[in-house]
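Each value in this text was obtained by applying a stated rule to the coordinates, not by laboratory testing. This is a predicted model, so every value here is computed, not measured. Glycine also receives a Cβ, built like all others from the backbone with ideal geometry; neighbour counts cover every protein chain displayed.
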Amino acid sequence: MKKIITLALVAAAFLLQAQNKPYITKVYDFMPAPGQFVNMSPKYDSGDTHQSIIAKVEKAICGFDSIMQLEQLDGTIISDTITNVKPGLISLGSYGGYVVFGFDHPVVNVAGENDFQIFGNAFGSDSLMVSGGSCEPGIVMVSRDANGNGIPDDPWYELAGSDYNKPQTQKHFTITYYKPDENKTPVPDGPFITDSEYVYWTSNSTDGPRQGYVSKNSFHSQSYWPSWAQGETLTFTGTKLQNNATNESQTGEYWVQYFLGWGYVDNRPDYGYGYIGGAQQSNQNLGFNIDWAVDDEGNAVHLNKVDFIKVYSAMLQQCGYIGETSTEVCGGIDLHPDVVPQELDGDQNGDGIIDIDDVNIVINMILNKIPVSSSADVDASGIVDVDDVNTLINVILTK
């Protein structure tokens, strides 16, 4: 989506004293869906590979940038020289485009509090900035490194935001985009759409078109297809939110993308626990709570900590000449980086209970299928072996 990039200047005093780095430190994967900022944010250079693009994403969203001043919610000035937690920007393109990242430590689930923040560049366009403007919601998913191998190949859990249970929200939505022929004759549509049939897609939609196009507009002439991607198609699956944009003009085009309630990236202006600009506003996004996690069937899942975070564009929407709705990510922070997780002895997957899943994980460690974790030595013998399996089984049987 074409929009003015306005960065809410965000930080908090505790970030400066944190032993763990409070900001994103690692990007594991990035694959945008087609969109007008693809190959621009980050910029694709000839010869770039998937890994070199991931390195550019890391440079864009990891770490801090500098700002001049921090003001707490009560108006107290903390410092004249601190850091901005919104270092740069990447675009995820149309529905399904995603980024996977993490911190240099697990993000702990603190009861009754939001646990982390992910920044976008949403802003309001009405006089009070309370109803909407430029808002391109992205869904957040979290995962535990249950198998201990340090890569995000474990089960993912969606953080169920305000619209998760609305009837217009489609679960298990799948879309496939088809690589465009950049040499085909464009199909123009008015003065700003240079090719209204640019990137073709098909889907399993239950409440809208099952096929359509991502249009190319006159503002961006580069390829909208990720140039480093292999193959002729890109397929994404997830939860699709209902469209939020309305053309409010009676004579032309004036698109307003209305804020959703809560629980989405790039959905509301981002302000953390301290920020420049005065009193907290009701339209602000104050972060994400791990307790919102649900599994594929919508069942609540308890996670005492998470190691990986994924954000993906959650709407399939064209807004006239300003283009597709595409979530932007501008960095993120752990809101309590030095909190130590409360571990339950033997709870290998961090779901807060001891059950057969934990037994299976320890068995896989013994069989050398996954790295051995010291937490699997539940009988404190100094080695992980069948005695630890028996100890876990006895715990389960004596509940």
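What the Cα convex hull of region 356-397 gives, in volume per residue, is 57 Å³.
Note that region 138-149 has calculated 3J(HN,Hα) couplings of x, 7, 10, 10, 10, 8, 8, 7, 5, 8, x, 9 Hz, one per residue in order, obtained from phi through the Karplus relation 6.51 cos²θ - 1.76 cosθ + 1.60 (θ = phi - 60°); glycine and proline are x.
So, with +1 on the Cβ of K and R and -1 on the Cβ of D and E, and no other charges, what is the size of the charge dipole of region 356-397 about its Cα centre, to the nearest 20 debye? Could you put the intermediate results ahead of the total?
Working: 1 positive and 7 negative charges, 29 e Å.
I would put it at about 140 debye.
With the Kirkwood sum run over all distinct C-alpha pairs, region 84-177 has a hydrodynamic radius of 16.5 Å. Of the GluC sites (Glu not before Pro) found in region 219-258, those that fall in a DSSP loop while having at most 10 other beta-carbon atoms within 10 Å are Glu232. Over 20 Å apart: what share of the alpha carbon pairs of region 299-378 falls there, rounded to a whole percent? Distances greater than 20 Å cover 56 percent of the Cα pairs.
Counting other beta carbons within 10 Å of each Cβ, put Met365, Met40 in order, fewest first. Write out the running numbers ahead of the final one.
Numbers: Met365 22, Met40 14.
In increasing order of surrounding Cβ atoms, one gets Met40, Met365.
Subtracting the Cα-Cα distance of Thr246 and Glu297 from their residue separation scaled by 0.36 nm leaves 15.2 nm.
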